[in-house]
Amino acid sequence: MDYLEIEGGCKLSGNVTISGAKNSALAVIAATILSDKEVTLTNLPNVVDIRTLLKLLTMLGAKVEHNDTVAKIDCSTISSTRAVYEIVAQMRASILVLGPLLSRFKHCEVSLPGGCAIGQRPIDLHIKAVEALGAEVTLEQGYVVAKAEDGLKGNKIIFDKITVGGTENALMAAAMADGVTEIVNAAKEPEIVQLSEMLNMGGAKVEGIGTGRLKVHGTNGKPLDFSEPVEIIPDRIEAGTYLCVGAITNSEITLDKVNVEHIQTSIEKLEAMGCDFYIKNDSVTIKPVAELKGVNIVTTEYPGFPTDMQAQFMAVATLASEDSLIEERLFENRFMHVSELNRLGADIWLKGNVAAVRPVKELIGAEVMATDLRASSALVIAALAAKGTTKIRRIYHLDRGYDRLEEKLSNIGAKIVRKKS
Ligand code: EPZ
């Protein structure tokens, strides 16, 4: 099993180019199912989750040409609508094929995705959304079996809880439905905006883009035509992660190809901790600060502070000069990184869904274990500032969502090597 070996304490400097957003790319790839013509996607991140979803489309019968950041996907040849357990178990975002398969083929069977380290991850809201459009959904031997023999019909979908994936499935289900669908309490993440704009371009008119109330004019069974290439938006979580690298190592680093609008909360929180920034077009430079102040964070849906940045900020807070309080409101178990950060000498205490981070003078390198994608990046951040050597095991978690992490960090002076045990 691969592990990362990091020599901490180095000053970093230079530029990091931010890749395309994994979480937007996954929804965009699923949306190509709605077309019977070839679609070109660009600026894809080179990460495992993207390859997994492209493999699923291939298993369904689609033709996929994929190199590094570009994919050409032709779903005219899809011959199966059964997303098998072996793939869905690897990546729960495979559930995003539910809406488009149902909308285009009027039936599908998608394995129930497992939970994961951060929580139970139910899909009840996804099912409620497609049932509102007339689908009949049953659970059979671990599979969600959805049928709509007469096709989906436009209707009102009210989400009592904001769900990114649920909103994406609702949008894609509504895209080829007969009539207009209104989605109330929709997620507003940048990936929802990108998906909505893509569906618009493909011929399903979407109104209210960027708001919590979306209106989708379905094509009534006519496949969408994504005639223009779709360029994946920059990854706001990758960008926030590298800003945290700069903050904890007291280094001046510049991120290129970012969307500054999408990382406002990360910038604002690091400013509150004492960091300065220089912003020019799609580049952001973080200026070092000798002493970081404590920070208070409550995770919430976009445009609030993202849960996907919670672990990374906790790592930075371990070396602040004051206490920090971090409350996780979206997932019930997203503190798996706490015990591993404490192994590096941090002083973090948990009470329910609140973590109290008390300042320590230094972190000391140790052997630690990654538990989920963002927890892994928090351990890398801490290791870069820890004294001595840190070994991070189970880094397959990292490979799911960070494109060429070691290369990008080495290019700005980090001593980081991937080794085999
Ligand atoms: C997406 O997951 C992201 N994944 C997650 O990023 C991110 O943490 C999450 O949104 C929140 O921003 C992808 O986009 C592939 P949700 P998703 O549905 O869609 C509950 C990463 O690190 N819920 O918005 O699964 C759910 O349990 C990953 O890149 C239901 O109760 O998240 C959670 O408490 C981790 N029923 C809350 O809603 C449902 O049917 C938010 O979940 C669906 C969700």
**Request:** Starting from the Cα of Lys387, draw a straight line to each of the lysines and keep only those under 23 Å, dropping any in the same chain fewer than 8 residues away.
**Result:** Lys11, Lys287, Lys293, Lys361, Lys408, Lys415, Lys419, Lys420
**Average projected area [Cα convex hull, segment 302-421], square nanometres** = 7.7 nm²
**Asked** Ignoring ligands and nucleic acids, what accessible area does Thr77 show with a 1.4 Å probe (Å², nearest 10)?
**Response** 50 Å²
**Prompt:** So in segment 128-247, what percent of DSSP beta bridges are antiparallel if you round to the nearest 5?
**Reply:** 75 percent
**Asked** For Ile95, what charge total do you get from the other residues with a beta carbon under 10 Å from its beta carbon, if Lys and Arg give +1 and Asp and Glu give -1?
**Response** +1
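Inverting the mean 1/r over all pairs of different Cα atoms, compute the Kirkwood radius of segment 229-379 and quote it in Å. Numbers along the way, then the final one.
On the way: mean 1/r = 0.0644 Å⁻¹.
Value: 15.5 Å, from the Cα pair sum.
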**Request:** Would you mind checking segment 342-376 for residues with the amide N under 20 Å from a putative spin-label position 7 Å along Cα→C-beta of Thr389?
**Result:** 343-345, 363-370
**Item:** Dimensions in Å of the chain - Rg and Dmax from alpha carbons
**Value:** 21.5, 65
**Asked** When the Karplus curve 6.51 cos²θ - 1.76 cosθ + 1.60 is applied with θ = phi - 60°, which whole-Hz ³J(HN,Hα) does each residue of segment 260-273 get, with x for Gly and Pro?
**Response** 4, 4, 7, 10, 4, 5, 5, 5, 4, 5, 6, 5, 5, 7
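Out of all DSSP beta bridges in the chain, what portion is antiparallel? Express it as a percent rounded to 5. Numbers along the way, then the final one.
Details: 58 of 79 bridges.
So the antiparallel bridges amount to about 75 percent of the total.
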**Complete:** Between Lys387 and residues 5 or more places away or on another chain, the pairs with built amide H atoms under 5 Å apart involve Leu363, Ile364, Gly365
**Asked** Mind checking which of Met172, Met314, Met273 has the largest fluctuation in a GNM of the chain, springs on alpha carbons under 10 Å?
**Response** Met273
**Å² per residue, accessible surface of segment 284-421 at 1.4 Å** = 42 Å²
**Prompt:** To the nearest 10 square angstrom, how much accessible area does Val193 have with a 1.4 angstrom probe?
**Reply:** 40 Å²
**Message:** Ignoring everything except DSSP H segments at least 4 long, calculate the 222 nm mean residue ellipticity for the chain; use -39,500 (n - 2.57) per segment, divide by total residues, nearest 500.
**Reply:** -8500 deg cm²/dmol
**Request:** Return the aspartates and glutamates within reach of Lys391: Cα separation strictly under 18 angstrom, same-chain partners fewer than 8 residues apart disregarded; answer none if there are no such residues.
**Result:** Asp2, Glu5, Glu7, Glu340, Glu362, Glu367, Asp372, Asp399, Glu406, Glu407
**Asked** For helix 236-248, what angle does its Cα long axis make with the longest principal axis of the chain, in degrees from 0 to 90 and rounded to 10?
**Response** 0 degrees
**Request:** Starting from the eigenvalues of the Cα gyration tensor, five times each then square-rooted, give me the equivalent ellipsoid semi-axes of segment 90-224, largest first, whole Å.
**Result:** 21, 18, 12
**Message:** Calculate the FRET efficiency for Val354 and Ser76 from the Cβ-Cβ distance with a Förster distance of 60 Å, rounded to the nearest 0.05.
**Reply:** 0.75
**Asked** Cα gyration tensor of segment 181-300, axes a ≥ b ≥ c as square roots of the eigenvalues: rounded (a/c below 1.5), prolate (a/b > b/c) or oblate?
**Response** prolate
**Request:** Could you do me a favour and compute the accessible area per residue for segment 145-202, 1.4 Å probe, result in Å²?
**Result:** 33 Å²
**Message:** If I ignore ligands, DNA and RNA and count only protein heavy atoms, how much of Glu168 is accessible to a 1.4 Å probe, in Å² to the nearest 10?
**Reply:** 10 Å²
**Request:** Summarise the accessible area of the chain (1.4 Å probe, protein heavy atoms) by the percent that is carbon and sulfur.
**Result:** 49 percent
**Message:** Heavy atoms only, 1.4 Å probe, whole protein assembly: order Cys108, Cys10 by accessible area, highest first.
**Reply:** Cys10, Cys108
**Request:** Sort His107, His217, His262 by accessible area with a 1.4 Å probe, largest first.
**Result:** His107, His217, His262
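The values are calculated or read from the model by the stated rules, or taken from the named source; none is laboratory data. These numbers were taken from a predicted model, which means no experiment stands behind them. Quick reminder, even Gly has a Cβ in these numbers, built from the backbone with ideal geometry, and neighbours come from all protein chains shown. We work out accessible area using only protein heavy atoms, side chains counted, and drop any ligands, DNA or RNA first. Shrake-Rupley method; radii C 1.70, N 1.55, O 1.52, S 1.80 Å.
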